[in-house]
Amino acid sequence: MLDLPDDFVKVLKSATRVAVLTGAGISAESGVPTFRGEEGLWKKFRAEELATVEAFITNPELVWEWYLWRRQLMADVKPNPGHYALVEMEEYYDNFTLITQNVDGLHRRAGSKNILELHGNIELNKCFNCGRPFVGEVNINAGAMPVCDCGGKIRPDVVWFGEMLPERAINGAFEASTGAELFFSVGTSALVHPAASMPVTAKQNGAYLIEINLEPTPLTDYCDFYIHGKSGEILPQIIERLTK
Ligand code: BJW
Ligand code: ZN
């Protein structure tokens, strides 16, 4: 059984405004590769070299192929106990916001409702040229890149480095972070901004900050409480403590 400090248990049970930031680590136990570290490599490319506007301009086919590969992978995966624990957490608190950097849609599939997708959704596409949503069929098993009516290339509707985050999501995320009494940072390397600023904003505004990760991050020393472990194992134990 997880040993939780009294101050954390007290906030866990008394808080009404709670926010959670998730990253690729929460989906790792579902079989979705994370971005950084050895397992994040695809054909020897780092994610940082592929998830950029420059990469798409230079080699759109390569970037499209990477997304097809990830879409194929994601089509076969299911939410894990970490995702489901956050659904239960949402049911418990009056005011709960799930801020995710993930584009895999697994929180929605698990049943979470108040989700802010900071980096978009891999199931959607838009035109690189005119920005219009592309509603045509994309065959994830075949390589040809679709083209918009305007002649522009179709890209996934996700946020690449150097691009602005969706306004509704970023505003909602900062609002939830500012107002939270309890903030969880789960399975993120806390390297990519502005997402990585959310836990800091929360703590600066009085939240109790807890991190769950398999390794320390730039956030760890700043946290009130760090739990080393898999989110799919830790989060269900926190829910058990919360509800019993
Ligand atoms: C487990 C586990 C288990 C494993 N249990 N844990 C301020 C300072 C410095 C730079 C900037 C700044 N503000 C903006 C920037 C620039 C840039 C940035 O942050 N750069 C830094 C990297 C230096 N940010 C941007 O460009 C953003 N846009 C922006 O700021 O717009 C305004 C602007 C415009 C122009 C100029 C300036 C400002 C956009 C960022 C978009 C990021 N996009 C990606 C791709 C999304 C689409 C896709 O999926 O393909 O988002 S990159 C990639 O990183 C993806 C992720 O969401 C994101 C974060 O990664 P995440 O989730 O943390 O994954 P990992 O792999 O890094 O970590 C996994 C963690 O899980 C690890 O810690 C493991 O230990 C752990 N783990 N298994 C628990 N079972
Ligand atoms: Zn177009």
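Restricting attention to region 125-137, report how many residues are within 15 Å of ligand 1 (Cβ to nearest atom) and in a loop (DSSP other than H, G, I, E, B).
Selection size over region 125-137: 1.
Please go through region 59-88 and pick out each residue that is within 16 Å of ligand 2 (Cβ to nearest atom) and surrounded by fewer than 20 Cβ atoms within 10 Å (Cβ to Cβ).
Correct list: Pro60 only.
Collect the residues in region 45-84 that are within 29 Å of Asn114 (Cα to Cα) and among the polar types (S, T, N, Q), keeping them in residue-number order.
Thr52, Gln72, Asn80
Condition check: open to solvent by 30 Å² or more (accessible area, probe 1.4 Å), touching a residue at least 24 places away in the same chain (Cβ under 8 Å) and on the phi > 0 side of the Ramachandran plot. Does Gly105 satisfy that?
The answer is no for Gly105.
Take region 52-94 and flag every residue that is touching an Asp or Glu at 6+ places or on another chain (Cβ under 7 Å) and under 22 Å from Asp157 (Cβ atoms).
Going residue by residue through region 52-94, those that are touching an Asp or Glu at 6+ places or on another chain (Cβ under 7 Å) are 53, 55, 74, 80, 82.
Hits for region 52-94 are Val53, Ala55, Met74.
Quick one: which strands (runs of 3 or more DSSP E) sit completely within region 145-244 and have at least 1 residues that are touching a residue at least 24 places away in the same chain (Cβ under 8 Å), touching an Asp or Glu at 6+ places or on another chain (Cβ under 6 Å) and not hydrophobic (A, V, I, L, M, F, W, C)? Break it down into steps so the answer makes sense when it comes.
Details: elements: 154-158, 182-186, 208-213, 225-228.
Hits in region 145-244: 182-186, 208-213.
Among the residues of region 187-207, how many are surrounded by 21 or more Cβ atoms within 10 Å (Cβ to Cβ) and touching a Leu at 6+ places or on another chain (Cβ under 7 Å)?
Summing the residues that are surrounded by 21 or more Cβ atoms within 10 Å (Cβ to Cβ) and touching a Leu at 6+ places or on another chain (Cβ under 7 Å) in region 187-207 gives 7.
Hey, any hits in region 104-118 for a residue that's under 19 Å from Gly40 (Cβ atoms), within 13 Å of ligand 1 (Cβ to nearest atom) and assigned to a helix (DSSP H, G or I)?
Taking every residue of region 104-118 in turn, at least one turns out to be under 19 Å from Gly40 (Cβ atoms), within 13 Å of ligand 1 (Cβ to nearest atom) and assigned to a helix (DSSP H, G or I).
Restricting attention to region 174-197, does a residue exist that is closer than 24 Å to Leu124 by Cα, at pLDDT below 95 and within 9 Å of ligand 1 (Cβ to nearest atom)?
Checked region 174-197: no residue is closer than 24 Å to Leu124 by Cα, at pLDDT below 95 and within 9 Å of ligand 1 (Cβ to nearest atom).
Taking the condition of being more than 8 Å from ligand 1 (Cβ to nearest atom), surrounded by 14 or more Cβ atoms within 10 Å (Cβ to Cβ) and not aromatic (Phe, Trp, Tyr), how many residues in region 34-58 meet it?
4
Taking region 111-130 only, how many residues are within 16 Å of ligand 2 (Cβ to nearest atom), of a type outside the set (Phe, Trp, Tyr) and surrounded by 12 or more Cβ atoms within 10 Å (Cβ to Cβ)? Spell out the reasoning first.
Kept after step one, since they are within 16 Å of ligand 2 (Cβ to nearest atom), are these residues of region 111-130: 124-130.
Next, from what is left, pick out any that are of a type outside the set (Phe, Trp, Tyr): 124-127, 129-130.
Remaining after also requiring surrounded by 12 or more Cβ atoms within 10 Å (Cβ to Cβ): 124-127, 129.
Summing the residues that are within 16 Å of ligand 2 (Cβ to nearest atom), of a type outside the set (Phe, Trp, Tyr) and surrounded by 12 or more Cβ atoms within 10 Å (Cβ to Cβ) in region 111-130 gives 5.
Conditions: (1) farther than 23 Å from Val32 by Cβ; (2) surrounded by 17 or more Cβ atoms within 10 Å (Cβ to Cβ). Ile99 meets all but one. Number of the miss?
(1)
The values are calculated or read from the model by the stated rules, or taken from the named source; none is laboratory data. This is a predicted model, so every value here is computed, not measured. So basically every Cβ, Gly included, is an ideal-geometry build from the backbone, and we count neighbours across all protein chains shown. Quick note on the areas: whole protein, heavy atoms, side chains included, nothing else; ligands and nucleic acids left out. Shrake-Rupley method; radii C 1.70, N 1.55, O 1.52, S 1.80 Å.
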